[in-house]
Amino acid sequence: MSSHSTDDVPVMQRLYDRIWLIAALAMVFFIVVYVGWGLFDALTLPAGPR
């Protein structure tokens with residue numbers, strides 16, 4: 001029998017122990033940021049000569 005139950009572990013520590021969840025959230029964050037940055041750059045390019 002374990003001396004620690006899940007109630008004894010702080011919420012942030014339980015979150016930090018889920019390394020694959022953190023890795024997936026980091027990938028989603030970077031994809032969203034880079035796609036958003038790319039769209040912003042593409043939409044703010046000046047129009048070519050007419």
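We did not get these values from a lab; they are worked out from the coordinates using the rules stated. Note that the coordinates shown come from a computational prediction; the quantities given were computed from them, not determined experimentally.
Summary of computed values
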quantity: Crossing angle, helix 19-43 versus the chain [Cα axis fit, 0-90 degrees, rounded to tens]; calculated: 10 degrees
quantity: Net lengthening on full extension, Y16/F30 (0.36 nm per residue, minus Cα-Cα); calculated: 3.2 nm
